[in-house]
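Step one of this worksheet: look at the structure below.
Readers should treat all values here as calculations from the given coordinates under stated rules, not as data from a laboratory. Source: prediction; values computed, not measured. Using ideal geometry, Cβ is built from the backbone for each residue, glycine included, and neighbour counts are taken over all protein chains shown.
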């Protein structure tokens, strides 16, 4: 099994602000996924919830890459407990890949975050439900928001959370610090859409970038809305949230749909509590809101956000000299 190739693919997982807060250790036929707390967002993410959700995305990518390259996976979440930076232990064993696993391999690099506005083409409810089904297999609850009144309430909470964070200069400075952060991480201005001359768009937490955006006006409500929630607010649930997000994102990519996760609403305690009252038991702790929509046909390829090199991410103990 080619551990290095697995990490080459797994490093393309999504993460908050493209912080990539993870690294892997290889010990024989076992891969360990570790959180990198040095890449945390202490102001907007003081509990590390978004950091662990990002690691959950990396976990799903690791499993998908391993299975597509011919390894069965046995995953143990937080083997040293919730207080440890060891997020997961993935035991690998040779196993012929299924056609579905092989088909996912190119999607690991094709998936990306396209923050340009969606077109007015509606997303059918059955498409949203298929995405939700995919995410549920990873242990999180997925609510496809199709009821108009509930959607309007969630949209109001999203806007309130954006305003509250926009009014906090500490959060604004932290977000700004990850724009054009470096050659291997962060969000290049070239990958952020320009908002100049745009009518009817929802404001972005990242401001205006350099990426041209040809759609002049968005019709609100034509995109799909999903809420990812869990039974509790533990690191185990955060990891499952990230893996569920990643799984639905790959399926959306295969179906030609664009996905934009929105973490601001759960980051603000008042709006998170308000959303929690809208969700049904037993899984009612909101972790993420996700927008799903269609991008305009014929657009140029979106510039990819950079990734850290494998040598910075993989500690291969078995290959070290004695």
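Note on the range 1-100: Cα-Cα pairs beyond 21 Å make up 31% of the total pair count.
Plainly put, the range 55-198 has a radius of gyration that is 1.01 times its Kirkwood radius, both from alpha-carbon atoms, as the Rg/Rh ratio.
Top mean-square fluctuation among 22, 178, 121, Gaussian network model of the chain, C-alpha springs under 10 Å? Of the options given, 121 has the highest mean-square fluctuation. Relative to its Kirkwood radius, the Cα radius of gyration of the range 14-58 gives an Rg/Rh of 1.03. If a spin label sat at a point 7 angstrom from the Cα of residue 155 along the line to its beta carbon, the backbone N atoms of the range 107-126 nearer than 17 Å would be those of 117-125. Above 34 Å, the calculated P(r) of the chain contains 19 percent of its Cα-Cα pairs.
Using a Gaussian network model of the chain in which every pair of alpha carbons under 10 angstrom is joined by a spring, one finds that among 104, 269, 295 the greatest mean-square fluctuation is at 269. What's the center-to-center distance, using Cα atoms, between the range 101-150 and the range 221-245 in Å? So the separation of the two Cα centres works out to 12 Å. Applying 0.36 nm per residue to the separation of residue 76 and residue 113 and subtracting their alpha-carbon distance, the gain on full extension is 10.5 nm. For the peptides 49-55, 66-72, the ranking by packing is 49-55, 66-72, with the highest mean count of neighbouring Cβ atoms within 10 Å listed first.
Computed from the Cβ-Cβ distance with R0 of 41 Å, the FRET efficiency linking residue 29 to residue 176 stands at 0.45. The length gained by stretching the chain between residue 168 and residue 184 to full extension, at 0.36 nm per residue less their Cα-Cα distance, is 3.0 nm. Considering only 93, 191, 15, the Gaussian network model of the chain with Cα springs below 10 Å gives its largest mean-square fluctuation to 93. Computed from the alpha carbon positions, the gyration tensor of the range 230-302 leads to an equivalent ellipsoid with semi-axes of 27, 14, 10 Å, biggest first.
A helix-only calculation puts the chain at -11500 deg cm²/dmol for mean residue ellipticity at 222 nm, using -39500 (n - 2.57) for each DSSP H run of at least four residues, averaged over all residues.
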